[in-house]
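Okay, structure first, notes after.
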Amino acid sequence: MKKIEQISENNIVIDFDEKLTPNKIRDILITDFELLNKSNPYTCIVDQKKIKLYVKQISYLGHPHLAFKKRIQISRGWQIGLSEDNAYLIGVYKYKETILYTLFDKRNFVTRVTNNSSAHVSTFDLLNAQQKGFFTKQDIRGNVITCVRKDLINYILFKIVKNESILSQEILLFEDFKLTLKSLYNGIECYSELISKNYRNKFQPEWFGFYLEFKFENFLEDNPNYKSICWYQSKKSKKDIDLDLNFNNEFLGDLKTHSNESSAILGNDAKNINKALKEYGKLWYIVFNHNTFHDSENNYEVTIFWNTKQKKNNIMSYSNKMKNKIELTDFMILEINKYNKKYLSVFNQGINSNKLPRKPKIKIDKKMINNFLIYSSKF
């Protein structure tokens, strides 16, 4: 056996998994549900409806996986029962006095034979539920999971059975913002709009990131009710934390764009990240992932337009890096906090023109994303 991450009160500790027998799992369920039978799947009443709970223990995914990766193993033949509308797939996590539930998305398991299949959850997800009461997200495969503290399981399950949303207002804000965006953007069209509005970053070479900021600022102006949830703070002094989104002074964040070609998401400089974590305890990255169409494959039309508008002598400046079009595929909300920051990597930027080293930035490798992921949504 291997010592892995466990939830102890509101912290993460390193220890062995506890082994839960079927009888022990049933003893836990009895304290929260009025069970109508004595074996798995368990039947109970929620919202005057009879539902079935297919239940397994949440435990470590196994060697050689990282210590934050957990799962339930789904029994062979369960896909038949899980296909029923009143059936729910649920995991029980226990470590000493900590007991948490996870409701898993069952859609991927009802269409295939469930022979040693697993549904996954991370320590980060469980910790969020322990600290906040409940935590829900869509992972990078689009699966919805909801982790719930023991004292709130009946309330949350009631809302899920009634198909009521339990997403936070911050997440709903970005879902609404997504509805204002197209899936495909052309560099010339975006530059033209930024120039016509005399936007402060109208000539930045990495045009889409700044165009997205422009669109989000306009979205907040058009929807002032959202400014009580999040506002854009672009004017900062050198001593301020260089993150553009302020979530009602509770924590900070930043908009990011990320090409699907890249193996990691680049963040801000490490010093800024540490300052934000020290002051607020967490920060969010709102990451818009996209497919990239390079200008070099499109007759350099955006490059020529961009340089001509600036009246540059060299109309091919930045031609090797210029994007022609981007196609949005999804957006993700990533949370960095004191518990998962150890899974960040460092990206050294090299040196400046004055030969002094640039400040190192943080990056999140794709294989680590699920330990930061709060929410994902496809375009």
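The values are calculated or read from the model by the stated rules, or taken from the named source; none is laboratory data. All values reported here derive from a predicted model rather than from experimental measurement. A quick note on method: Cβ atoms are made from the backbone with ideal geometry, for glycine too, and the neighbour counts reach across all protein chains shown.
Only one of the numbered conditions (1) within 24 Å of the chain's Cα centre (by Cα); (2) surrounded by 18 or more Cβ atoms within 10 Å (Cβ to Cβ); (3) closer than 26 Å to N186 by Cβ; (4) not small (G, A, S) is not met by L266, and that is (2). Number of residues in segment 222-269 that are closer than 23 Å to K378 by Cβ, charged (D, E, K, R) and without any contact (Cβ under 8 Å) to a residue 40 or more places away in the chain equals 2. Quick check on segment 222-262: of everything there that is over 21 Å from F177 (Cα atoms) and touching a helix residue (DSSP H, G or I) at 6+ places or on another chain (Cβ under 6 Å), which residue is surrounded by the fewest Cβ atoms within 10 Å (Cβ to Cβ)? Filtering first and then ranking leaves D242. Restricted to segment 126-174, and to residues there that are on the phi < 0 side of the Ramachandran plot and of a type in the set (G, A, S), the residue that is farthest from the chain's Cα centre (by Cα) is S165.
Checking the condition more than 30 Å from L173 (Cα to Cα) and not assigned by TED's automatic domain parsing to the domain that holds D139, which residue from K366, K359, K342 passes? Unique residue meeting the criteria: K359. If only residues of segment 45-55 that are within 32 Å of the chain's Cα centre (by Cα) and more than 18 Å from D105 (Cα to Cα) are counted, the one that is modelled with the highest pLDDT is V46.
Listed here are the residues, each with its yes/no results for (1) surrounded by 15 or more Cβ atoms within 10 Å (Cβ to Cβ); (2) out of contact with any strand residue (DSSP E or B) (no Cβ under 6 Å at 6 or more places or on another chain); (3) not polar (S, T, N, Q).
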| site | (1), (2), (3) |
| --- | --- |
| E18 | no, no, yes |
| D32 | yes, yes, yes |
| P41 | yes, no, yes |
| E97 | no, yes, yes |
| T102 | yes, no, no |
| K106 | yes, no, yes |
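Within segment 160-204, the set of residues being basic (K, R) and closer than 30 Å to Y101 by Cβ comprises K162, K178. Of the residues making up segment 140-169, those that are among the charged types (D, E, K, R) and part of a helix (DSSP H, G or I) are K150, D151, K159. Screening I74, I58, I14 for residues that are assigned by TED's automatic domain parsing to the domain that holds V110, in contact (Cβ under 8 Å) with a residue 60 or more places away in the chain and under 27 Å from the mean Cα position of the chain (by Cα) leaves exactly one candidate, I58. Across segment 179-221, the number of residues qualifying as out of contact with any Asp or Glu (no Cβ under 8 Å at 6 or more places or on another chain), touching a residue at least 24 places away in the same chain (Cβ under 8 Å), closer than 13 Å to K323 by Cα and in a helix (DSSP H, G or I) comes to 4.
All conditions in (1) in contact (Cβ under 8 Å) with a residue 60 or more places away in the chain; (2) under 23 Å from A129 (Cα atoms); (3) touching a Lys or Arg at 6+ places or on another chain (Cβ under 9 Å) hold for R26, with the sole exception of (1).
One residue alone among L184, L220 is within 29 Å of I315 (Cα to Cα) and either aliphatic (A, V, I, L, M) or in contact with a strand residue (DSSP E or B) (Cβ under 7 Å, 6 or more places away or on another chain) (or both), and that residue is L184. P22 fulfils the conditions (1) within 30 Å of D85 (Cα to Cα); (2) of a type outside the set (A, V, I, L, M, F, W, C); (3) buried (at least 18 other Cβ atoms within 10 Å of the Cβ) except for a single criterion, (3).
Select from segment 108-121 the residues that are surrounded by 13 or more Cβ atoms within 10 Å (Cβ to Cβ), β-branched (V, I, T) and modelled with pLDDT of 70 or more and write down the one among them that is nearest to Y93 (Cα to Cα).
Applying the first criterion (surrounded by 13 or more Cβ atoms within 10 Å (Cβ to Cβ)) to segment 108-121 yields 108-110, 114, 117-121.
Among the residues that remain, those that are also β-branched (V, I, T) are: 110, 114, 121.
Those left that are additionally modelled with pLDDT of 70 or more: 110, 121.
Working: V110: 23, V121: 11 Å.
Residue satisfying both the conditions and the ranking: V121.
When H258 is tested against (1) closer than 16 Å to F331 by Cβ; (2) in contact with an Asp or Glu (Cβ under 9 Å, 6 or more places away or on another chain); (3) of a type outside the set (D, E, K, R), only condition (2) is not met.
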